[in-house]
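Peer 1: Dropping a structure here in structure tokens format, bear with me for questions.
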Amino acid sequence: MDLALKINSELSSKNITYELILVNDNSIDESWDKILEIMKLFPDKITGIDLSQNCGQHNAIICGFHYCKYDVIITMDDDLQHPPEEIDKLLNEYMSNGADVVYGIPIVKQQTKTKMFASFLTKLIEKRKIHNSYSSFRLIKKPIVTALINHPYHFNSLFIDVVIGWHTNFIKFVPVNHHKREKGISNYSVFKLIKLYLDLLINYSAFPLKLITYSGILISIITFLIGIKFVYKKLSSNVPLGYTSIIVSILFGTSIILLCLGIIGQYIYRMYHFQHNKPTYSIRKIIR
């Protein structure tokens with residue numbers, strides 16, 4: 001409710017024509033009821049979408065993109081950590097250079113240490129795909145949104161910012177204020193953050209497979225050298241190899257094999273899901 005009121009106040013004061021698309025990602029609280037209340041206040045400016053199951057933040061945003069009708073789209077969370085007053089900074093940056101995407105990057109990020117660490121890990125993976133950083137507070141031109149909509153998503157857990165990097169390099173960044181969360185708690189638990197990181201690591205990166213390859217080469221070289229050492233000792237001093245050293249070698253080698261099989265299995269698991277073409281979101285109700 002507060003977000004809608006502040007957005008309306010901010011944009012109406014500047015005579016900016018807008019529509020507000022609110023997506024309820026099957027929340028267990030009273031979010032949909034709040035959306036219905038907001039629609040009574042601004043019936044000509046609000047589109048409410050109620051998803052029939054929890055699909056994740058990025059999937060919900062893609063759903064909202066399908067109903068955007070204007071040339072410039074801004075995405076933001078409803079927790080007011082990115083204040084609507086900062087929308088003006090994104091618009092000014094876009095109008096000054098016509099960038100395809102403008103990210104609002106917090107001057108000082110007000111997040112828990114867990115989320116900050118998760119963001120750090122994510123940036124390690126995506127440093128080649130996103131110029132500097134990313135944020136859920138972003139301005140996107142309609143052609144890029146259209147490209148995002150038409151992109152063939154094969155992952156149930158998609159990551160919009162990676163796909164944006166596939167479609168354009170004309171990306172700008174502006175510093176914005178970032179407030180502490182005043183109400184509620186984040187839906188990103190430690191478990192969900194770990195899952196998001198693993199999905200991102202496997203779905204959008206070949207790093208695990210490269211790690212297997214390089215680790216296999218390194219371990220092969222090390223074990224080959226150790227083997228030569230034992231053979232040399234056996235031939236020169238007739239030293240017994242020893243039961244312990246053999247067992248340790250077998251267990252170590254087996255653990256590496258199981259780890260590699262587990263990583264390969266994750267890729268096969270995702271290929272299995274690709275064949276089913278599972279939808280990225282499912283809508284229960286739309287009110288416009």
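The values are calculated or read from the model by the stated rules, or taken from the named source; none is laboratory data. Keep in mind that this is a model prediction, so the values were computed, not measured. For neighbour counting, all protein chains shown are included, and Cβ atoms are generated from backbone atoms with ideal geometry for every residue, glycine included. Quick note on the areas: whole protein, heavy atoms, side chains included, nothing else; ligands and nucleic acids left out. Shrake-Rupley method; radii C 1.70, N 1.55, O 1.52, S 1.80 Å.
Peer 1: Calculate the radius of gyration of the Cα atoms of region 22-66 to one decimal place, then report Dmax, the largest Cα-Cα distance, as a whole number, both in Å.
Peer 2: 10.6, 28
Peer 1: So what J values fall out for region 76-92 if you push phi through Karplus, 6.51 cos²θ - 1.76 cosθ + 1.60 with θ = phi - 60°, rounded to Hz, Gly and Pro as x?
Peer 2: 7, 7, 9, 8, 6, 5, 9, x, x, 4, 7, 4, 4, 5, 5, 5, 5
Peer 1: Can you figure out the FRET efficiency of residue 151 with residue 224, using R₀ = 35 Å and their beta-carbon distance, to the nearest 0.05?
Peer 2: Efficiency at R0 = 35 Å is approximately 0.15.
Peer 1: A further question on this structure: Keeping the other protein chains in place, figure out the carbon and sulfur percent of the accessible area of region 1-69, with a 1.4 Å probe.
Peer 2: For region 1-69, the apolar C and S fraction of the accessible surface comes to 49 percent.
Peer 1: Let me ask you something else. Looking at this model, which pairs from 6/34; 6/69; 89/172; 142/172; 34/285; 14/180 are more than 19 angstrom apart at the alpha-carbon?
Peer 2: 6/69; 14/180
Peer 1: Give me the number: length gained by fully extending residue 232 to residue 287, i.e. 0.36 nm times residue separation minus the C-alpha to C-alpha distance, one decimal in nm.
Peer 2: Stretched out fully, the residue 232 to residue 287 stretch lengthens by 11.9 nm.
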